[in-house]
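In what follows, a structure is listed as structure tokens, so that the remarks can point back to it.
The values are calculated or read from the model by the stated rules, or taken from the named source; none is laboratory data. Quick caveat, the model's predicted, so the values are computed rather than measured. Virtual Cβ from ideal backbone geometry, glycine too; neighbours counted across all protein chains shown. Remember, those area values only see protein heavy atoms, side chains included, never the ligands or the DNA or RNA. Shrake-Rupley method; radii C 1.70, N 1.55, O 1.52, S 1.80 Å.
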Amino acid sequence: GESVGLHLPTLSVQEGDNSIINCAYSNSASDYFIWYKQESGKGPQFIIDIRSNMDKRQGQRVTVLLNKTVKHLSLQIAATQPGDSAVYFCAENNSSGYSTLTFGKGTMLLVSP
Amino acid sequence: GAGVSQSPSNKVTEKGKDVELRCDPISGHTALYWYRQSLGQGLEFLIYFQGNSAPDKSGLPSDRFSAERTGGSVSTLTIQRTQQEDSAVYLCASSLNLAGVTSGANVLTFGAGSRLTVL
């Protein structure tokens, strides 16, 4: 079946570096993508989203890039901080009047001071 | 309320017992979702409620799992005759789920989850 997956299960960076977390999706009908951040013991928190008619969207210190040609999604975090340490999930949605998200397995981001 | 509230936060039970997990969604959110997160895994969709429509139960792993949503608000996920493989964090989320609305309105807001351990 269709699935969303991640290239790197763990990413370790130094404080102040830029981080890039990657995600591959396989459902070509997906038209909406979200990145969530999950800190230990908490539920996932929304970071940023992007629709398939866009290839880039920026937020505060975060940028999401979408490459529909190769079905690839990435989350870039600028000037990574220790508080960014968490598991990051990408999720896809094929709206079709539906809002059930399909999540990938997640990438653990570890930020060293 | 201000956020999605789930209870209990932790539940330890013996194999074969029934458990109930509760979710209070954000007031006004018409859509409610249950997901399951096993250790080191992504989120597995279980069930979705939207207003008064019949719920989408396609993600429930077996007939031991059931869920209901009373009055379009609070939801209860019930697991009967629990097994060790049911051990996981059960996450509830809600959203406005406005049909035809572009990104933002359909963002899911998650609760902190209920951690279930079956001994």
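Can you give the mean number of other chain Cβ atoms that lie within 10 Å of the Cβ atoms in peptide B:47-60?
Working: counts 1, 4, 0, 4, 0, 0, 0, 0, 0, 2, 0, 1, 1, 0.
Mean shielding count: 1.
Rounded, prolate or oblate: which fits the range A:4-112 when a ≥ b ≥ c are the square roots of the eigenvalues of the alpha-carbon gyration tensor, with rounded for a/c under 1.5 and prolate only if a/b beats b/c? Display every interim value, and only then the final one.
Working: a/c = 1.90, a/b = 1.60, b/c = 1.18.
Prolate, since a/c reaches 1.5 and a/b exceeds b/c.
Would you mind giving the total buried accessible surface between chains B and A, with a 1.4 Å probe and ligands, DNA and RNA left out, rounded to the nearest 100 Å²? Display every interim value, and only then the final one.
Working: alone 6390 and 6240 Å², together 11040 Å².
Summed over both sides, the interface buries about 1600 Å².
For a bin width of 5 Å, list the pair-distance distribution of chain B built from all Cα-Cα distances, rounded to whole %.
2, 12, 23, 25, 19, 11, 5, 2, 1
Which of these, B:Leu108, B:Leu21, B:Leu91, has the largest mean-square fluctuation under a Gaussian network model of chain B (Cα springs below 10 Å)?
Maximum fluctuation in the GNM of chain B, among the listed residues, is at B:Leu108.
Take every residue in peptide B:107-113, count the Cβ atoms of other chains within 10 Å of its Cβ, and give the average of those counts.
Values: counts 8, 10, 4, 7, 3, 3, 5.
Whole-number average of other-chain Cβ neighbours for B:107-113 is 6.
In 10 Å bins starting at zero, report the fraction of Cα pairs in the protein assembly as shown per bin as a rounded %.
Whole-percent P(r) values from 0 Å outward: 8, 32, 35, 20, 5.
How well do other chains shield peptide B:36-42, expressed as the mean number of their Cβ atoms within 10 Å of each residue Cβ? Don't jump to the answer; show the numbers that get you there.
On the way: counts 0, 7, 0, 0, 5, 3, 13.
The shielding value for this peptide is 4.
Highest mean first, what order results for B:66-78, B:43-55 on Cβ atoms within 10 Å? Walk me through the numbers on the way to the answer.
Numbers: B:66-78: 15.2, B:43-55: 17.2.
Put in order of decreasing packing, that is B:43-55, B:66-78.
Relative to a virtual label point 7 Å from the Cα of B:Ser9 in the Cα→beta-carbon direction, which members of the range B:67-89 show backbone nitrogen distances below 17 Å?
So the set is B:89.
What accessible area per residue, rounded to a whole number of Å², is obtained for the range A:4-112 using a probe radius of 1.4 Å? Could the numbers behind the result be given before it?
Numbers: 5010 Å² over 109 residues.
Here the per-residue accessible area is 46 Å².
Rounded to a whole number, what % of the accessible area of the range A:4-112 do carbon and sulfur atoms account for, probe 1.4 Å? Display every interim value, and only then the final one.
Numbers: 2390 of 5010 Å².
Carbon plus sulfur share of accessible area: 48 percent.
Label 7 Å along Cα→Cβ of A:Glu15; the range A:70-85 residues with amide nitrogen under 14 Å?
Under cut-off, by backbone N: A:79-85.
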